[in-house]
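One structure is given below, encoded as structure tokens.
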Ligand code: GDP
């Protein structure tokens with residue numbers, strides 16, 4: 001997101017949580033061009049200070065506790081960051097009338113697409129935030145949700161299945177232990193998805209929109225491209241299986257495309273990019 005905004009000539013402020021260890025590895029290459037401001041979505045006063053310091057025209061709220069299994073271990077933190085965090089941003093930026101992009105998620109559908117019936121604390125916290133977006137928009141704020149389906153890149157966290165497979169494909173030592181191989185996801189390239197997020201804030205009237213490839217592929221499909229001899233190397237490990245599994249996700253990018261969005265990276269290209277980088 002920061003790379004895209006810098007390329008468009010924006011002055012970019014990035015909110016970073018303070019940590020005793022280094023946590024800006026993924027933006028190291030642009031850190032001199034971004035104004036770093038320290039704040040935490042769980043801490044209202046720090047968010048107020050950050051927003052005052054930036055006086056932002058646009059806010060992209062991509063901050064979240066976003067790993068579904070972890071949301072069962074830290075459900076209260078998940079709600080605080082994912083739902084109340086948005087509320088803190090909305091309230092703090094009210095005097096500046098900042099436009100806000102909220103990162104909603106396909107996990108809000110659970111197994112009931114196109115109805116919202118989330119089945120994890122993560123999905124539920126994001127749906128609560130999604131409803132806040134609708135309510136504040138009715139109050140006159142320029143705020144909208146992009147319902148993003150899984151978006152991946154070589155910068156993906158190591159615990160997500162795509163990155164886990166890509167890491168193993170580069171260094172296939174021992175067996176690769178995975179959970180449910182039959183689950184299907186609508187995977188797209190994060191670099192394409194940030195373009196849709198930006199586009200949504202440039203509309204005359206704010207509206208929610210799905211950001212997706214419109215295709216769905218199973219974990220097996222991902223393995224076929226990333227690791228052609230995976231059948232000899234993958235071991236199914238029940239500890240990675242989920243009790244509340246979202247089996248299939250497939251979105252509809254028609255509305256985003258009407259805004260002028262066009263994803264450029266195909267599924268096989270995405271898999272190869274993740275394995276090769
Ligand atoms: P999510 O869709 O946001 O939860 O993204 P993940 O990459 O964590 O999971 C995508 C799908 O891969 C889910 O249906 C998981 O059950 C499935 N999966 C299978 N094996 C694994 C694994 O070892 N790790 C993870 N994270 N997911 C796995």
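Here, each number is a calculation from the coordinates, and none is a lab measurement. Model, not experiment: these values are computed from the prediction. Here the Cβ positions follow ideal geometry from the backbone for every residue, glycine too, while neighbour counts run over all protein chains shown.
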Apply 1/(1 + (r/R0)^6) to the Cβ-Cβ distance of residue 70 and residue 233, taking R0 = 22 Å, and write down the FRET efficiency to the nearest 0.05. 0.25
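What FRET efficiency comes out for the pair residue 19/residue 158, r = Cβ-Cβ distance, R0 = 22 Å, nearest 0.05?
FRET efficiency, residue 19 to residue 158: 0.80.
How do 227-239, 129-141 rank on mean C-beta neighbours within 10 Å, highest first? Walk me through the intermediate numbers first.
On the way: 227-239: 12.0, 129-141: 15.8.
Answer by packing, highest mean first, reads 129-141, 227-239.
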Could you work out, for the range 24-183, what percent of all Cα-Cα pairs fall into each 10 Å distance bin, beginning at 0 Å and stopping at the bin that holds the largest distance? 10, 32, 35, 18, 5, 0
Round to the nearest 10 and give me the degree value, 0 to 90, for the angle of helix 161-170's Cα axis relative to the longest principal axis of the chain. 50 degrees
Express as a percent, rounded to the nearest 5, the fraction of DSSP beta bridges in the chain (both residues included) that run antiparallel. 10 percent
Cα centroid of the range 199-264 to Cα centroid of the range 50-70, whole Å: 22 Å
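Grab the beta carbon distance between residue 58 and residue 254, set R0 = 30 Å, and tell me the FRET efficiency rounded to 0.05. Could you put the intermediate results ahead of the total?
Working: r = 24 Å, r/R0 = 0.82.
Step by step, r from the Cβ atoms, then E = 0.75.
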Any chance you could check the Cα centroid distance between the range 23-48 and the range 100-154 for me, in angstrom? 23 Å
Note down the relative contact order for the chain as a percent, whole number, built from C-alpha pairs under 8 angstrom at least six residues apart. 17 percent
Asserting the computed 222 nm helical MRE of the chain (DSSP H runs at least 4 long, -39500 (n - 2.57) per run, divided by residue count, to nearest 500) equals -10000 deg cm²/dmol
From the C-alpha gyration tensor of the range 158-268, pull out the three semi-axes of the equivalent ellipsoid (sqrt of 5λ each), sorted largest to smallest, in whole Å. 32, 15, 11
Quick one: go through the range 51-84 and flag any residue whose amide nitrogen is under 20 Å from the point 7 Å out along the Cα-to-Cβ line of residue 30. 51, 54-64
